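Engineer: I have a structure here, written as structure tokens, and I will follow up with some questions on it.
The values are calculated or read from the model by the stated rules, or taken from the named source; none is laboratory data. This one's a predicted model, so the numbers in the text were calculated from it and none came from an experiment. Don't worry about glycine lacking a Cβ; one is built from the backbone with ideal geometry, like all the others, and counts go over all protein chains shown.
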Amino acid sequence: MTTPSTYQRFHSICVFCGSADGLEPQFLHAASSMGALLAQRKIQLVYGGGKTGMMGAVADGALHMGGTVIGIVPENLNLPSLIHESLTHLEITPDMHSRKARMSALADAFIALPGGFGTLEELFETLTWAQIGLHQKPIGILNTGGYYDPLLDMVNQAISHGFIYSEHRALLIDAPAPEILLEKMERFISPVNLERWVNR
Ligand code: AMP
């Protein structure tokens, strides 16, 4: 049984999520609930600064509950049609790479909500950084309605063929609902033997 002393308290979480329009209500509702939960727990939301799709929903969910929301956007995406106007703070970076580095630096954990190419790229970059020991921050995915089941199957497939070391599976925390995910992330302890990837 886990004792309270093993829980970590987050101050700032970076959320990656889909920016597409016309998404199913279950996904937008999940994003809004995630944002609201972060605000209730006084956890700052760091995200891409957008107002569309899941990005807008997670930011609005947090803002409506009085939360702090920091948007980090590269210059070329700082367009009125894309960017949320009511954030606590909007930070503009020169390019995509500096933006991702800044998001990572500001966060003490990462969550991917359902999303597309951009979300998957951000999730896997963060995971690969953990895999080679560049950070020990928890990484969670919100598996709304089983959206990420095929991805988790793919990870298991890669493990069964030896492309992903089994000890690295624990780097990816998954749960179907925001409260459960946050609790699992709070209890996360970085897996041992991660150095197998680097030392051989
Ligand atoms: P996608 O999953 O392909 O919709 O891409 C979403 C991810 O890409 C988000 O987590 C953002 O970090 C980034 N992204 C997409 N659109 C924007 C935008 N308008 N401004 C900033 N970042 C964005």
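Engineer: Can you find, within region 80-105, the residue that is farthest from the ligand (Cβ to nearest atom) among those that are more than 28 Å from T128 (Cα to Cα) and outside any loop (DSSP other than H, G, I, E, B)?
Structural biologist: That would be H89.
Engineer: Could you please tell me which pairs satisfy a Cβ distance under 9 Å, a separation of 6+ or placement on different chains, a first residue in region 76-94 that is acidic (D, E), and a second residue that is within 10 Å of the ligand (Cβ to nearest atom)?
Structural biologist: So the pair list comes out as E85/K51; E91/G49; E91/G71; E91/I72; E91/V73; E91/R99.
Engineer: Okay, moving on. Of the conditions (1) at pLDDT below 95; (2) within 15 Å of the chain's Cα centre (by Cα), A109 clears all except one; give me its number.
Structural biologist: (1)
Engineer: Continuing with the same structure: Can you pull out every residue in region 110-127 that is among the aliphatic types (A, V, I, L, M) and either within 10 Å of the ligand (Cβ to nearest atom) or at positive phi (or both)?
Structural biologist: Of the residues in region 110-127, the ones among the aliphatic types (A, V, I, L, M) are 111-113, 120, 123, 127.
Passing the criteria: A112, L113, L120, L123.
Engineer: Here is a follow-up. Find the residue count for region 1-41, including only residues that are more than 26 Å from N76 (Cα to Cα), touching a residue at least 24 places away in the same chain (Cβ under 8 Å), over 17 Å from the mean Cα position of the chain (by Cα) and in a loop (DSSP other than H, G, I, E, B).
Structural biologist: 2
Engineer: Now for a different question. From the list N156, N199, exactly one residue is of a type in the set (S, T, N, Q), surrounded by fewer than 16 Cβ atoms within 10 Å (Cβ to Cβ) and not in a loop (DSSP other than H, G, I, E, B). Which is it? Break it down into steps so the answer makes sense when it comes.
Structural biologist: Numbers: N199 fails: not in a loop (DSSP other than H, G, I, E, B).
Exactly one residue qualifies, and that residue is N156.
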